[in-house]
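Colleague: My structure is below; once you've seen it, I'll send some questions.
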2 protein chains.
Amino acid sequence: MSKKIACIGVGNLGRAWAAIFARAGHEVALYDNAPGAVAAALPAIESTLNSMAEADLVEDVAAAMARIRPCETLTDAVAGVDHVQESVIEDVEVKRAIFRELDRAAPPDAIIASSVSSIPPSEFMANLEGGARCIVAHPVNPPHLIPVVEIMLGPSTSEETYDACCALLSGVGQVPVRLNKEIFGYVLNRLQFALINEALHLVDGGYVSAEDTDKIIKYGLGRRWAFMGPFETNHLNATGGIEEYYSKFQGAIGGTIKELFLEPHPLNPELISRLAEEMERTTPVADVPARQEWRDRQLMALTGHFGDMQPEKD
Amino acid sequence: MSKKIACIGVGNLGRAWAAIFARAGHEVALYDNAPGAVAAALPAIESTLNSMAEADLVEDVAAAMARIRPCETLTDAVAGVDHVQESVIEDVEVKRAIFRELDRAAPPDAIIASSVSSIPPSEFMANLEGGARCIVAHPVNPPHLIPVVEIMLGPSTSEETYDACCALLSGVGQVPVRLNKEIFGYVLNRLQFALINEALHLVDGGYVSAEDTDKIIKYGLGRRWAFMGPFETNHLNATGGIEEYYSKFQGAIGGTIKELFLEPHPLNPELISRLAEEMERTTPVADVPARQEWRDRQLMALTGHFGDMQPEKD
C-alpha cells in the first residue's frame, strides 16, 4: 500500500530516507528551508538509487524518482501525508521550532518522526498538542545500507504511533528496535562508544595498535556480530544457553569486566593525532572519499549476502 | 613449505588447530594426556574438515587426515617439530607444568605457543630456559572459522619468535595481531565485555530488551564491523579522516562516553535469569545445538563472502 511521506531536511540522512521510501513505492514530498537544497538533493538521491540498483536493491530508478516531489513550502510538503520524517540539523532549538511547525501543519493523524541522533525527545517533543503522534526514528549512516532504526518513544508517544512507525519502517526493509525510555546517546552509540572508550585506553597505553584493534574487530568479534548479537553469541557459547554460560564463566567474565578501564578517556589531542598518523599509513586522508565508496560497496555486498533490506511487495 | 607441528591437548581448540594446520599441508602430531582423548579427537577433526570442505575451505579431507599422527607420548609428539601449539585446560598450575615439560622436550629451535585465553604469560612462561621461544597465540572460538589470533609476547619472548609465529599463522589463513604488553583478559575479550557491560546495564535498566540489543548489533554496528574496525569506521565518518571526526564531534563523543555506565555490572542472578527467559523465547535451550550449527554455517558463508581464511599455496 503506497503511503504519502514528507522528508523534511535534505542533508545526507534526508536524501537517504527519500531513496528508501521512494524505492519501496511510497510517494515522497521533499522540503528544506535552505534555498536550492531540494534541487541539489534530487541528483544525489538519483545517484544513491543508481548505486542501489547495481546491488539489486532497486528495480526501477526512474519510477522511484518519479515518486519524489520537490516542494517549495513545508505546508505543501506535509499536505495529506501519512508520515513525516524530519532530518534537520542536530540542534535543540531548531528541533523545537520544526516540531511546533510540523505539529501545526501536518494532518492530525500523520506520524511525525525525527531522525535526531542524541537529543532526548522530551527536550523538543514536550508540550505539543500532537505529542502522541511524535516519535524518534534514529537511523544509522548510511540508512539505505544499514537496516537498524532506533525507535525512542517521546514523553507522550502513543503505542499506536509506535506500531504504525514500526510497520512503515519494516515495510521498507529497515529493522526498527524499541528504546523504552530516554537515555543520552541512545543505545547504538552507547554500545559503540563503550567499546571505543576501552579501545582508546588500550591504544593509549601501548597495549595494541589502532590497526590491530581494527583487525580484532573485523577478523574477530565482527565475524559473529555480523549475524548475531552479543547476547545470542553468549547463548550459543554453552549447550545450556546463556544461563549456563554466565554461571560457568562468572569468574572470567566478571573478572574481565572489573578490570576494564571504566573511566572516560579524555580524548586528548595527542592521542587523536597519533591515531590520525596511524590511519594515514593505512588509508591516507586523500583516499578517504574513495574508501567511503569502498565501504558503501562492502555494505551493499553484505546486504546482498544476507538478502535483507528489501521492501515488502504489494 | 610443510612444517612439523605438535598439537598438545585435543579439546575443541586443539582439534580445530589440528584441522587448520593439516589442511594447510603441515604434518600434525596429536597428543593429550587423557587416555582415549586422541582417538576420540580424530573423527571430530575429520567431521570439522568435512564441513570445511563443503564451504570450499579444504580440498582433500583424506589427504589432510593422513597428515595427522596420533601420539602416545608427549616426547614422541614434539620430536623434530617446528611449532608446538598447546591447548590444555585454562589453569595456571597446569600451564606451568606443561610449559616446563614442553620446554625440556621440544627441539631447542621449536616455537612453543599457548592457546591460553586469559592467564598472563608471565605467570607460566617465566624462568624457562627457552623463554625466548615461548609465546601466546590465543584464537577465537571456533578458530577454523574466525581468523584472528591474539599474539601476546611473554616476559622473554624474542622478536624472532614473534615473526616466525605470525608467519606460520598467516600462512595457514589466520590473522595474527600483536599485543605488546600483558593485560588481563587480553584485548578481544576486553572489547567484547566493555560493550556487553554497557548492554547489561541498559537491559537491566529497562531501556532496551536483550533481543533488540542483539538487533542493534547485527543490523547496525555489526554491518560495519564485519569488514572494518571501529577506528576505520571513525576515519571514514569525515572526509578529513579520524582527526576531523573527533574534533568535529568531540562534544557528542566525549559526552556519550562520560554518560556510559562505566561501572562493573554485578552479573546478578536475577538479570541472568531474565536474559535466559528472553533468549528462551527466541532460541530455546533445546535448540542451542542446532543453532550452533547454524552459527558455524553462517561463519563459513561469511568466510566465503570475504574470500579469506585460505592457506598459502606452496
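Colleague: Any chance you could count how many residues in the stretch A:164-176 are in a helix (DSSP H, G or I) and either facing chain B (nearest Cβ under 9 Å) or hydrophobic (A, V, I, L, M, F, W, C) (or both)? Walk me through it before giving the result.
Modeller: Restricting attention to the stretch A:164-176, the residues satisfying the condition of being in a helix (DSSP H, G or I) are A:164-171.
From what is left, the residues that are either facing chain B (nearest Cβ under 9 Å) or hydrophobic (A, V, I, L, M, F, W, C) (or both) are A:164-169.
Residues flagged as in a helix (DSSP H, G or I) and either facing chain B (nearest Cβ under 9 Å) or hydrophobic (A, V, I, L, M, F, W, C) (or both) within the stretch A:164-176 amount to 6.
Colleague: Which of the residues belonging to the stretch A:237-264 are more than 7 Å from every other protein chain (Cβ to nearest Cβ) and within 32 Å of the chain's Cα centre (by Cα)?
Modeller: A:ASN237, A:TYR245, A:PHE261
Colleague: Something else now. If a residue must be within 30 Å of B:VAL285 (Cβ to Cβ) and of a type outside the set (D, E, K, R), how many such residues does the stretch A:240-276 contain?
Modeller: Number satisfying all stated conditions: 16.
Colleague: Can you name the residue in the stretch B:289-307 that is within 9 Å of chain A (Cβ to nearest Cβ) and under 18 Å from the mean Cα position of the chain (by Cα) and, of all such residues, is farthest from B:ASP212 (Cα to Cα)?
Modeller: Step by step, filter the stretch B:289-307, then rank; the result is B:THR303.
Colleague: Oh, and also: Checking the condition surrounded by fewer than 20 Cβ atoms within 10 Å (Cβ to Cβ), at pLDDT 95 or above and charged (D, E, K, R), which residue from A:GLU101, A:GLU90 passes?
Modeller: Working: A:GLU90 fails: at pLDDT 95 or above.
On inspection, the qualifying residue turns out to be A:GLU101.
Colleague: Taking A:ALA286 as the residue in question, decide whether it is surrounded by fewer than 21 Cβ atoms within 10 Å (Cβ to Cβ) and within 8 Å of another protein chain (Cβ to nearest Cβ). Full working, then the answer.
Modeller: Numbers: surrounded by fewer than 21 Cβ atoms within 10 Å (Cβ to Cβ): yes; within 8 Å of another protein chain (Cβ to nearest Cβ): no.
It is false that A:ALA286 is surrounded by fewer than 21 Cβ atoms within 10 Å (Cβ to Cβ) and within 8 Å of another protein chain (Cβ to nearest Cβ).
Colleague: Right, next: Condition first: within 7 Å of chain A (Cβ to nearest Cβ) and either of a type in the set (A, V, I, L, M) or within 15 Å of A:GLU232 (Cα to Cα) (or both). Now tell me which residues in the stretch B:198-208 satisfy that. Give the steps one after another, and end with the answer.
Modeller: So in the stretch B:198-208, the residues within 7 Å of chain A (Cβ to nearest Cβ) come out as B:198-199, B:202, B:206-208.
Scanning the stretch B:198-208 gives B:ALA199, B:LEU202, B:VAL208.
Colleague: Return the pair list, or none, for Cβ contacts closer than 8 Å from residues in the stretch A:12-39 that are on the phi > 0 side of the Ramachandran plot to residues that are outside any strand (DSSP E or B) and among the polar types (S, T, N, Q), at least 6 apart or on different chains.
Modeller: A:GLY25/A:SER2
Colleague: Here's another thing I want to ask about it. Would a scan of the stretch A:228-236 turn up a residue that is closer than 24 Å to B:PHE184 by Cα and either touching a residue at least 24 places away in the same chain (Cβ under 8 Å) or more than 7 Å from every other protein chain (Cβ to nearest Cβ) (or both)?
Modeller: The answer is yes; a qualifying residue exists.
Colleague: Still on this structure: Mind listing just one residue for me: the one in the stretch A:192-203 that is in contact (Cβ under 8 Å) with a residue 24 or more places away in the chain and touching an Asp or Glu at 6+ places or on another chain (Cβ under 9 Å) and, of those, surrounded by the fewest Cβ atoms within 10 Å (Cβ to Cβ)?
Modeller: Checked the stretch A:192-203; the qualifying residue surrounded by the fewest Cβ atoms within 10 Å (Cβ to Cβ) is A:HIS201.
Colleague: Hey, B:ASN50 hits all of (1) among the polar types (S, T, N, Q); (2) touching a residue at least 40 places away in the same chain (Cβ under 8 Å); (3) part of a helix (DSSP H, G or I) but one; which does it fall short on?
Modeller: Here B:ASN50 meets the rest and fails (2).
Colleague: Additional query: If I filter the stretch A:207-217 for residues that are surrounded by fewer than 17 Cβ atoms within 10 Å (Cβ to Cβ) and in contact with a Ser or Thr (Cβ under 8 Å, 6 or more places away or on another chain), do I get at least one hit? Full working, then the answer.
Modeller: Step one: list which residues in the stretch A:207-217 are surrounded by fewer than 17 Cβ atoms within 10 Å (Cβ to Cβ), which gives none.
Among the residues of the stretch A:207-217, not one is surrounded by fewer than 17 Cβ atoms within 10 Å (Cβ to Cβ) and in contact with a Ser or Thr (Cβ under 8 Å, 6 or more places away or on another chain), which makes the answer no.
Table: residues versus (1) crowded, with 23+ Cβ neighbours inside 10 Å; (2) over 19 Å from A:VAL88 (Cα atoms); (3) free of Cβ contacts under 8 Å to residues at least 24 places away in the same chain; (4) of a type in the set (Gly, Ala, Ser).
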position	(1), (2), (3), (4)
A:GLY131	no, no, no, yes
A:CYS134	yes, no, no, no
A:SER156	no, yes, no, yes
A:ALA164	no, yes, no, yes
A:GLY171	no, yes, no, yes
A:ARG178	no, yes, no, no
A:ARG190	yes, yes, yes, no
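Colleague: Need the failing condition index for A:ASN127 against (1) at pLDDT below 95; (2) more than 13 Å from the chain's Cα centre (by Cα); (3) within 14 Å of chain B (Cβ to nearest Cβ), just the number.
Modeller: Here A:ASN127 clears every test but (3).
Colleague: Next question, about the same structure. Within the stretch A:210-220, which residues are farther than 21 Å from A:ASP308 by Cβ and facing chain B (nearest Cβ under 7 Å)?
Modeller: Within the stretch A:210-220, A:ALA210, A:ASP212, A:THR213, A:ASP214, A:LYS215, A:ILE216, A:ILE217, A:TYR219, A:GLY220 meet the criteria.
Colleague: While we're on this one: Scan the stretch A:65-72 and tell me whether some residue there is free of Cβ contacts under 8 Å to residues at least 24 places away in the same chain, touching a helix residue (DSSP H, G or I) at 6+ places or on another chain (Cβ under 9 Å) and under 30 Å from B:THR233 (Cβ atoms).
Modeller: No; the residues of the stretch A:65-72 include none that is free of Cβ contacts under 8 Å to residues at least 24 places away in the same chain, touching a helix residue (DSSP H, G or I) at 6+ places or on another chain (Cβ under 9 Å) and under 30 Å from B:THR233 (Cβ atoms).
The values are calculated or read from the model by the stated rules, or taken from the named source; none is laboratory data. What you are looking at is a predicted structure, and each value in this text was computed from that prediction instead of being measured. So basically every Cβ, Gly included, is an ideal-geometry build from the backbone, and we count neighbours across all protein chains shown.
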